[in-house]
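The block underneath contains the structure these notes are about, expressed in C-alpha cells.
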Amino acid sequence: MIAKEPRLTDFGLGIYSMSKLSPEEKEAEFEKERAAMYRPEAEAAFEKACEFLAQVDKTESINTKRSSYGLKHTYGNKGENYITNGMFIAAAIHCGFKWKETHSGSPNVSFNMSEKSIKSLTKDRD
C-alpha cells in the first residue's frame, strides 16, 4: 500500500517542513520517515486501523470536514490504538477510500468517509 503513494511517510504526505535542512538532509529525513512505516508496531497499527475502517461507509464525495490527522485521533489514537498519520492514510487507501490532499504542502488528506458512519462508531468514546 505504501508503494501506491510515493510521497507517503510515517508523518503523512512528505516530512515535517524543515526549511533549514539541506536537500540531502531532507532526503535522509524522508527516507527515515518512510522506513518507519515498516516497523512491526506500525504494521500492527495498520491492521487494527483496517479493522476499524472496514466499518466506515464510503461516500461518493470527499468529506472535507475531517482530515487524516483528525481521523486518526477519532479512531482512538491512544494505547494499543496508536497510529501515525501516515499509517492511517495507508490503511484507508488499502481499504479502498478515495482521498485528496487537504491543501498543497499539507501532510494531511481527506477521504470519502461517511460522517454519519464515523460518528456512529465513535459516539461511545466521546
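The values are calculated or read from the model by the stated rules, or taken from the named source; none is laboratory data. As the structure is a prediction and not an experimental result, all values here were calculated from the model. All Cβ positions, even for glycine, are placed from backbone atoms using ideal geometry, and neighbour counts span all protein chains on display.
Tabulated values for the structure
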{"read-out": "Residue match in the range 54-61 (condition: surrounded by 17 or more Cβ atoms within 10 Å (Cβ to Cβ), within 17 Å of S114 (Cα to Cα) and in contact (Cβ under 8 Å) with a residue 12 or more places away in the chain)", "value": "yes"}
{"read-out": "Failed item, numbered, when H103 is tested on (1) surrounded by 12 or more Cβ atoms within 10 Å (Cβ to Cβ); (2) under 25 Å from S17 (Cβ atoms); (3) at pLDDT below 90; (4) not small (G, A, S)", "value": "(1)"}
{"read-out": "Verdict on T84 being in contact with an Asp or Glu (Cβ under 6 Å, 6 or more places away or on another chain), surrounded by 18 or more Cβ atoms within 10 Å (Cβ to Cβ) and at pLDDT below 95", "value": "yes"}
{"read-out": "The range 79-108: number of residues that are touching a residue at least 60 places away in the same chain (Cβ under 8 Å) and either under 15 Å from E51 (Cβ atoms) or in a loop (DSSP other than H, G, I, E, B) (or both)", "value": "9"}
{"read-out": "Residues (assigned to a helix (DSSP H, G or I) and not β-branched (V, I, T)) located in the range 53-78", "value": "L53, S68, Y69, G70, L71, K72, H73"}
{"read-out": "Of residues in the range 1-52 being part of a helix (DSSP H, G or I) and touching a residue at least 60 places away in the same chain (Cβ under 8 Å), the one surrounded by the fewest Cβ atoms within 10 Å (Cβ to Cβ)", "value": "K4"}
